[in-house]
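Before any comments, here is the structure.
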Amino acid sequence: MAYLLRSLILIMVLALTLTTCVALGFIDFSLSHIKLAIPTFIYTIFAQAFVMFYFIGVSRLVNNIAMIIGSEQNLHELFENPPEDLTPYKAKVKRFVHEADLAKRQTVPWTILMLILGMIAFLLGGAHDTNMVQKTTHSGVVYGFAVSMLIGFVRQWWFLGRTHTLLRKVKTLFEIPDGQM
């Protein structure tokens, strides 16, 4: 899943780069940057929703496992034959919870910032097209959007890799099948 999400966000950055290059006149393209911006931003919403819910889902999974291990009830959900001593599991799960929550805290705010700035830039583009705001206002927000997208992209790329590894560890520890989350 991490590889799919990395592909989605890479396409997102490439689409924004193409749209920006067309707007600045660096690339001569058959479509205007306005016609490119519409599908680019819709795709950005799509990709960022997937990424955000991936991190929220992994965090929720690990927190649910921690709750089961901590309460020592419903252990049959994690083990076929629950062990008598859960101490080694508790230590590992505590670390897993920290890693999953850290990944969520480090990526979701950038996702939200990206979406908000992208929305404002998109709306200001329409306002500029109808002569309601100056070009510099629209351009400034687009540059802010681009910077937040690049920072968010790097953070998401990094934490997608770490979270993928975390899921491998969790699934191995509790013998959870690969297709199940």
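Each label was represented as a point 7 Å from its Cα along the Cα-to-Cβ direction; for Ile112 and Val133 these points are 2.1 nm apart. Full extension of the chain between Cys21 and Trp157 yields a length gain of 46.6 nm, computed as 0.36 nm times the residue separation minus the alpha carbon distance.
So for the stretch 28-78, what are the equivalent ellipsoid semi-axes in whole Å, largest first, each being the square root of 5 times an eigenvalue of the Cα gyration tensor? Kindly include the intermediate steps, with their values, before the conclusion.
Numbers: eigenvalues 412, 9, 7 Å².
That gives 45, 7, 6 Å for the three semi-axes.
Counting protein heavy atoms only, the stretch 107-181 has 69 percent of its accessible area on carbon and sulfur, 1.4 angstrom probe.
Restricted to Cα atoms, the stretch 4-99 shows a radius of gyration and a Dmax of 22.4, 68 angstrom.
Convex hull volume of the C-alpha atoms in the chain, normalised per residue: 114 Å³. Entry note, the chain: the mean residue ellipticity at 222 nm calculated from DSSP H runs of n ≥ 4, each adding -39500 (n - 2.57), is -29000 deg cm²/dmol after division by the residues and rounding to the nearest 500. Relative to one another, the C-alpha centroids of the stretch 12-78 and the stretch 103-161 are positioned 13 Å apart. Counting pairs of alpha carbon atoms under 8 Å apart in space and at least six apart in sequence, what relative contact order in percent does the chain give? Computed value for the chain: 28 percent relative contact order. Computed over the stretch 61-121, relative contact order equals 35 percent, with contacts defined as Cα pairs under 8 Å that lie 6+ residues apart.
Beyond 21 Å, the tail of the calculated P(r) for the stretch 90-181 holds 51 percent of the Cα pairs.
Taking only protein heavy atoms and a 1.4 Å probe, what accessible area per residue, in Å², does the chain have with all protein chains in place? Mind showing how you got there, number by number?
Details: 10720 Å² over 181 residues.
Result: 59 Å² of accessible area for each residue.
The values are calculated or read from the model by the stated rules, or taken from the named source; none is laboratory data. Here the structure is a predicted model, which is why all the values come from computation and not from measurement. Note that each Cβ is placed from the backbone with ideal geometry, even for glycine, and that neighbours are counted across all protein chains shown. Side chains included, ligands, DNA and RNA excluded: accessible areas come from the protein's heavy atoms. Shrake-Rupley method; radii C 1.70, N 1.55, O 1.52, S 1.80 Å.
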